[in-house]
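Data first, discussion second: the structure below is written as structure tokens.
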Amino acid sequence: MASPWLSFIALSAGFAALAVSAASEAMSGNRHTGMSGASAAIFLDADRVVVASDEDNRLRVYDPSASQPAITAWDASPWLRLSGRNLECDLEGAARVGSRIYWIGSHGRNKDGKFRPNRHRFFATDVEDTPQGPKLRSVGTPCATLVTAMQSDPRLKSLHLETAASLPPDSKGGLSIEAMAARPDGSLWIGFRGPLTKGKAILVPLLNPDAVLEGRAPSFGSPARLDLGGRGLRDMTWTGSEWILVAGATGGDQKGTRLFRWGGEGTAPTALDLPGLKNLHIEAVAVPVERPVRRLLLCSDDSHRDSIGTASFRSYWVDLPTKTDEGPKP
């Protein structure tokens, strides 16, 4: 017969486990079914957010305030001029300018280093208001030559993208585009998880996104290099006054996810102190339509989790700290 002391220890351990489980669930926010690999998110209006997955080409619309399946979904595959057996674009980034949302694939190889042309996609959808709510409509012609154009641009030679593009994305120095955000003039930042340059994350300005979707050659500006503590970019968004950056491990690294705020070229990113995110694998950040922005919606890529037996991801509202509450340097 077990001693009362051992029984007390076992009971205490059980209560502790339940407390940890409850705390973890309390921090998990809402759970949305239908996909698990949330990789980019953009608000359509105050009540709907469209979320992309890196596991298929469907753009799903969710209510960010409720744990429920997608309200509706739009499959981009028929319009993206895909070929072969593996039709996955590996969608990773999105940016909204006015009523237009731009989307981008990773432009990387697969984990075995095999070239995947369908991942080389940059395209756009327009948001149309209807009595049933906002709808997405495809516009322009998808572009499959962004990285090829980057490799031949003299201003980007120092990034050595031709070497990075030949490596698996999870290897040291491998290429993977995972972030995109609007700039004040309507152009776009394209952010790389890898490669890094001298330990810094890379941002490349795409100056003419609409012209690219009309079939013209991409035009790039000078790249920016950001010190994110040896991390690459997993997502980013423009709040109307600054950029919020999601930074995480790059190829061959194990650094944890951190969020930063960045005021633009000539300024240094500042780490945000956001507690309670340890159990989230953040790969998407979205800002609601209200201004000024006082909170962020974080989406966790939960493709590595199988806790409820069905594909799902979590979203989590966090308050955006004021600048006086900023965390430590990266």
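The values are calculated or read from the model by the stated rules, or taken from the named source; none is laboratory data. Everything numeric here is computed off the predicted structure, so don't read it as measured data. Using ideal geometry, Cβ is built from the backbone for each residue, glycine included, and neighbour counts are taken over all protein chains shown.
Does Thr130 count as touching a Pro at 6+ places or on another chain (Cβ under 9 Å) and of a type in the set (Val, Ile, Thr)? When the stated conditions are applied, Thr130 does not pass them.
One residue is enough: does the stretch 304-313 have a residue meeting the conditions modelled with pLDDT of 90 or more and in a strand (DSSP E or B)? So far as the stretch 304-313 goes, yes, one or more of its residues are modelled with pLDDT of 90 or more and in a strand (DSSP E or B). Given Ala201, Ala144, which one is hydrophobic (A, V, I, L, M, F, W, C) and either free of Cβ contacts under 8 Å to residues at least 12 places away in the same chain or out of contact with any Leu (no Cβ under 8 Å at 6 or more places or on another chain) (or both)? One residue alone meets the criteria, Ala144. Quick check, is Ala52 in a strand (DSSP E or B) and among the small types (Gly, Ala, Ser)? So Ala52 fits the description; yes. Scanning the stretch 51-81 for residues that are of a type outside the set (A, V, I, L, M), touching a strand residue (DSSP E or B) at 6+ places or on another chain (Cβ under 7 Å) and closer than 17 Å to Arg121 by Cα yields Ser53, Asp54, Asn57, Arg58, Trp74, Asp75, Trp79, Arg81. Take the residues in the stretch 236-258 that are among the hydroxyl-bearing types (Ser, Thr, Tyr) and under 13 Å from the mean Cα position of the chain (by Cα); name whichever of them is surrounded by the most Cβ atoms within 10 Å (Cβ to Cβ). So, considering only residues that are among the hydroxyl-bearing types (Ser, Thr, Tyr) and under 13 Å from the mean Cα position of the chain (by Cα), the one surrounded by the most Cβ atoms within 10 Å (Cβ to Cβ) is Thr237. Among what's in the stretch 171-195 and is in a loop (DSSP other than H, G, I, E, B) and in contact with an Asp or Glu (Cβ under 9 Å, 6 or more places away or on another chain), pick the residue that is farthest from Ala144 (Cα to Cα). So the residue we want is Lys172.
Sub-8 Å Cβ pairs linking a first residue in the stretch 63-91 that is more than 19 Å from Ser303 (Cα to Cα) to a second residue that is assigned to a loop (DSSP other than H, G, I, E, B) and among the aliphatic types (A, V, I, L, M), at least 6 apart or interchain, are Asp63/Ile71; Ser77/Leu87; Arg81/Ala144, ordered by first then second residue. Pairing each residue of the stretch 102-113 that is farther than 22 Å from Gly186 by Cα with any residue that is at pLDDT 95 or above and surrounded by fewer than 16 Cβ atoms within 10 Å (Cβ to Cβ), provided the two are 6+ apart or on different chains, yields C-beta distances under 7 Å for Arg109/Phe115.
The sole residue among Gly105, Gly140, Gly98, Gly133 that is touching a helix residue (DSSP H, G or I) at 6+ places or on another chain (Cβ under 6 Å) and either aliphatic (A, V, I, L, M) or surrounded by fewer than 21 Cβ atoms within 10 Å (Cβ to Cβ) (or both) is Gly140.
The set of residues from the stretch 287-303 being part of a strand (DSSP E or B), out of contact with any Leu (no Cβ under 9 Å at 6 or more places or on another chain) and among the charged types (D, E, K, R) is empty.
Every listed requirement among (1) within 30 Å of Trp74 (Cα to Cα); (2) more than 20 Å from the chain's Cα centre (by Cα) is met by Leu233 save one, (2). Can you find, within the stretch 259-299, the residue that is farthest from Lys323 (Cα to Cα) among those that are surrounded by fewer than 22 Cβ atoms within 10 Å (Cβ to Cβ) and of a type in the set (D, E, K, R)? Checked the stretch 259-299; the qualifying residue farthest from Lys323 (Cα to Cα) is Lys278. Can you tell me which residue within the stretch 55-79, out of those that are part of a loop (DSSP other than H, G, I, E, B) and among the aliphatic types (A, V, I, L, M), is surrounded by the most Cβ atoms within 10 Å (Cβ to Cβ)? Once the filter is applied, the top-ranked residue is Ala76.
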